[in-house]
Amino acid sequence: MRDVVIAEASTVVLVEGESDRLALEALAVRLGADLAAADAVVVPMDGVTNLHHHLSALAAEAAAPGRPRRRVLGLFDAAETAYVRRAVDDAGLGGVGAPLDELGFYSCEPDLEGELIRALGPARVEELLADQGELARFRTFQRQPFQRGRALDAQLRRFMGTHAGRKAQFAPILVGALEAARIPVAMAALVAAAVAISQ
């Protein structure tokens, strides 16, 4: 069923992984932005290195007779800016060198988890870990030699990626706990762009 939704959507939002998808969809609900009504779908790519492939596939599809070109938006980690820049330019999605956010591609600093942890504050994230029965595991993780002395927010970011499925589990939880005034700008802008009327 999801493949059908993707195939029919007029706006495709490309994200690195499943946690990004869940976070954006949860944020859309919080903001009252109806992705389905806007004919928009969030597609995880299983890594930013698949961006070229996805953009090429969408371009080939648009070249088929009778198929309109779809709007393509994206979310990526700040460290991947140069890669995304090349992929977007190669795909001809706007003026070469134009700011990526003006083309609908928004960066998280340094990544999605970092944005959410910074917005919530480490203490609040620890409370959410406790609510989910993960705080004891986090305390054990903090005692690892490499983690001692690291900043709490850096420890939390790393902890989110130490167990398969933890990022996906916590993405909507972190989004749900955000105060409205603390919603990351890049994420809010992407959701707004996704539901905007296609020009």
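The values are calculated or read from the model by the stated rules, or taken from the named source; none is laboratory data. The shown structure was predicted, so the numbers you read here are calculated from the model rather than taken from an experiment. Positions of Cβ are backbone-derived with ideal geometry, glycine not excepted, and every protein chain shown enters the neighbour counts. Calculation scope for accessible area: heavy atoms of the full protein, side chains included, ligands and nucleic acids excluded. Shrake-Rupley method; radii C 1.70, N 1.55, O 1.52, S 1.80 Å.
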Restricted to region 145-199, and to residues that are in contact with a Phe, Trp or Tyr (Cβ under 9 Å, 6 or more places away or on another chain) and β-branched (Val, Ile, Thr), which residue is modelled with the highest pLDDT?
-> 185
Would you point out which residue out of 23, 87 is open to solvent by less than 50 Å² (accessible area, probe 1.4 Å), modelled with pLDDT of 90 or more, out of contact with any His (no Cβ under 8 Å at 6 or more places or on another chain) and in a helix (DSSP H, G or I)?
-> 23
Those residues that are at pLDDT 95 or above and open to solvent by 50 Å² or more (accessible area, probe 1.4 Å), I need them from region 51-81; list them, please.
-> 79, 80, 81
